[in-house]
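Student: So that we are looking at the same thing, I have put the structure below in structure tokens.
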Amino acid sequence: MVKETQNLIKGLPHKTIERLSQYRRALLICLEKGKEYIFSHEIAEIQHITSVQVRRDLMLIGYSGTLRKGYNIKELINLIGNIIDSPGGINVAIIGMGNLGRAVSKYLTHKRQKLTIVAGFDINSKKIGNEILGIPCYAPDEMKQIVEEKKIGIAIITVPATKIPETTKRLINAGIRGVLNFTPTPVVVPDNIFLEEYDMITSLEKVAFFVKQAMIEEEENRM
Ligand code: NAD
């Protein structure tokens, strides 16, 4: 990537990166349907956000469409790809090949060209040395060696929450660069490791809170 583009995207807000990923997903569907150009208000409608937000995000990555036709979908997909993806791709490991680990593996396999699940780790002796959904499964003790051999950059953690301390230690020691934690226990990593936590219960409780608020309001309006 040219240095200019690299400088441009260095300071992109996390939320913009999230939205760019979402835009690309929507744009790929549009492209599949044979659409060539798209306006900001159409992207906004799909994503349930404002067109101002879409234009602001795309301006941040230095892309502008034409007034008459809008944005060229192929060009925009490629540009977002240049920003998000690593040219050579990144290999991913799943730590904990249980229910969620397998579901995540199944969902993510072949979803993105530049992200490949190349290994799973588990303590279950029936899983170690075997393939699960086509993914070779290793013992946690082998993590450092396998991460180096297979050039794994990202780990997805799906172990029981009590196993977070030992798993984190192993991942740091193995030289992992990024972590996506699906367990409810927060992970502590040094600053040079990018961490994203996804806690389903928190998300569900957030929805529950807003549902409760709406129900209270309805009740008050009825009185
Ligand atoms: P699970 O028991 O089915 O799977 C956990 C797997 O981790 C097992 O295969 C186990 O052998 C393995 N494991 C245990 N210790 C390990 C270690 N030190 N290193 C590597 N592997 C190890 O549990 P699950 O339902 O898949 O849930 C896993 C985690 O994901 C939990 O923390 C849970 O809270 C979280 N989670 C699960 C779901 C879900 O829908 N199942 C949803 C959100 C979050």
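The values are calculated or read from the model by the stated rules, or taken from the named source; none is laboratory data. On a predicted model such as this, the values are computed, not experimentally measured, just so you know. Neighbour counts are summed over all protein chains in view; Cβ atoms, including those assigned to glycine, are modelled from backbone coordinates with ideal geometry.
Student: Might you let me know whether region 166-186 holds any residue that is more than 8 Å from the ligand (Cβ to nearest atom), out of contact with any His (no Cβ under 6 Å at 6 or more places or on another chain) and of a type in the set (Ser, Thr, Tyr)?
Tutor: Yes, region 166-186 contains at least one residue that is more than 8 Å from the ligand (Cβ to nearest atom), out of contact with any His (no Cβ under 6 Å at 6 or more places or on another chain) and of a type in the set (Ser, Thr, Tyr).
Student: Give me the residue from region 53-76 that is in contact with a helix residue (DSSP H, G or I) (Cβ under 8 Å, 6 or more places away or on another chain) and surrounded by fewer than 13 Cβ atoms within 10 Å (Cβ to Cβ) and, out of that set, modelled with the highest pLDDT.
Tutor: First, the residues of region 53-76 that are in contact with a helix residue (DSSP H, G or I) (Cβ under 8 Å, 6 or more places away or on another chain): 53-55, 57-58, 60-65, 70-71, 73-74, 76.
After this cut, where a residue has to be surrounded by fewer than 13 Cβ atoms within 10 Å (Cβ to Cβ) as well, the list is 62, 64, 74.
Numbers: Gly62: 88, Ser64: 84, Lys74: 96.
Of everything passing the filter in region 53-76, Lys74 is modelled with the highest pLDDT.
Student: Next question, about the same structure. Residues Phe182, Phe210: which one is in contact (Cβ under 8 Å) with a residue 60 or more places away in the chain and over 12 Å from Ala93 (Cα atoms)? Please lay out each step first, then the result.
Tutor: Details: Phe210 fails: in contact (Cβ under 8 Å) with a residue 60 or more places away in the chain.
From the options Phe182, Phe210, the qualifying one is Phe182.
Student: Quick check on my filter: what residues within region 98-135 are more than 14 Å from the ligand (Cβ to nearest atom), surrounded by 13 or more Cβ atoms within 10 Å (Cβ to Cβ) and either not charged (D, E, K, R) or not in a loop (DSSP other than H, G, I, E, B) (or both)?
Tutor: Listed by number, the residues that qualify are Leu108, Thr109, Leu115, Thr116, Ile117, Val118.
Student: Tell me, which residue of region 187-212 that is assigned to a strand (DSSP E or B) and more than 14 Å from Ile164 (Cβ to Cβ) is farthest from the ligand (Cβ to nearest atom)? Explain how you work it out, then say what you get.
Tutor: Going residue by residue through region 187-212, those that are assigned to a strand (DSSP E or B) are 194-197.
Checking which are more than 14 Å from Ile164 (Cβ to Cβ) leaves us with 194, 196.
Details: Phe194: 20, Glu196: 14 Å.
If we take residues in region 187-212 being assigned to a strand (DSSP E or B) and more than 14 Å from Ile164 (Cβ to Cβ), then Phe194 is farthest from the ligand (Cβ to nearest atom).
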